[in-house]
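Okay, structure first, notes after.
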Amino acid sequence: MAENMYVARLTEHHQPYGGTSRMKTLGVQGRKVLKICHLCLAGIWLGGAVTLNIMVLELGPAESGPQLNGYDLARMFVDDYVITPAALGCLLSGLLIGWLTPWGFFKHRWVTVKLILTIVCILVGTFALGPMINDQPALSLEQGLAALRNPVYASNISGALLGGIALVLMIIFMTVISVLKPWQKKNRTNA
């Protein structure tokens, strides 16, 4: 009976302490589909992060309170509906790649580094940068252009910009190490 090219199959994997285990892995076509999804999500994540930074820098000075509020709502929309789902999708697809392919999570240092950086980026984005971006629309709606003189508003804008640039650089670094695979396979020592 022919195997479906997307369906998982059982393969044997050698364990560090001897013996083998049976583990499900994806076929070649399944790996390709998963990798394409991962790459697309990473591109959307990077594009959204770059867009958010450009929006902070280049939207220009607001001429009215509603215009400022519109800028803030647009930034919040990009964060909530582009960056967050893409980042979480990238993490999920990366976890599936590590789990369902021979790459694993800790066999190669570059995979481990990517996993750690992805989690750090998501945590920083969720708990540090996200609240800064999400607080802005309420401030600009309530205060109008006076929000520009509010120290909290100004601090949120500069913090989101600096943090956003740092996240863009980390996402670019993860992309580079995905292509270059710079570190050799980890040495396995038997105890």
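Values computed for the structure shown
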quantity	calculated
Hits in the stretch 122-137 (condition: free of Cβ contacts under 8 Å to residues at least 24 places away in the same chain and either exposed (fewer than 14 other Cβ atoms within 10 Å of the Cβ) or on the phi > 0 side of the Ramachandran plot (or both))	Leu123, Phe127, Pro131
Criterion violated by Ile97 - all others in (1) farther than 30 Å from Gln67 by Cβ; (2) under 14 Å from the mean Cα position of the chain (by Cα); (3) among the aliphatic types (A, V, I, L, M) satisfied	(2)
Odd one out for Leu57 among (1) under 25 Å from Val179 (Cα atoms); (2) part of a helix (DSSP H, G or I); (3) modelled with pLDDT under 95	(1)
Out of Ile119, Ile157, Ile172, sole residue that is closer than 30 Å to Leu39 by Cβ, touching a residue at least 60 places away in the same chain (Cβ under 8 Å) and among the β-branched types (Val, Ile, Thr)	Ile172
Qualifying residue in the stretch 83-104 (condition: surrounded by fewer than 15 Cβ atoms within 10 Å (Cβ to Cβ) and within 17 Å of Thr51 (Cβ to Cβ))	yes
Selection within the stretch 95-114 - part of a helix (DSSP H, G or I) and within 17 Å of Leu180 (Cβ to Cβ)	Arg109, Trp110, Val111, Thr112, Val113, Lys114
Test: residue in the stretch 18-27 that is in contact (Cβ under 8 Å) with a residue 60 or more places away in the chain and in a helix (DSSP H, G or I)	no
Options Ile83, Ile116; residue that is within 20 Å of Ile44 (Cα to Cα) and touching a helix residue (DSSP H, G or I) at 6+ places or on another chain (Cβ under 7 Å)	Ile83
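The values are calculated or read from the model by the stated rules, or taken from the named source; none is laboratory data. The structure displayed is predicted, hence computed values, not measured ones. As a convention, Cβ positions derive from the backbone with ideal geometry for all residues, glycine included, and neighbour counts pool all protein chains shown.
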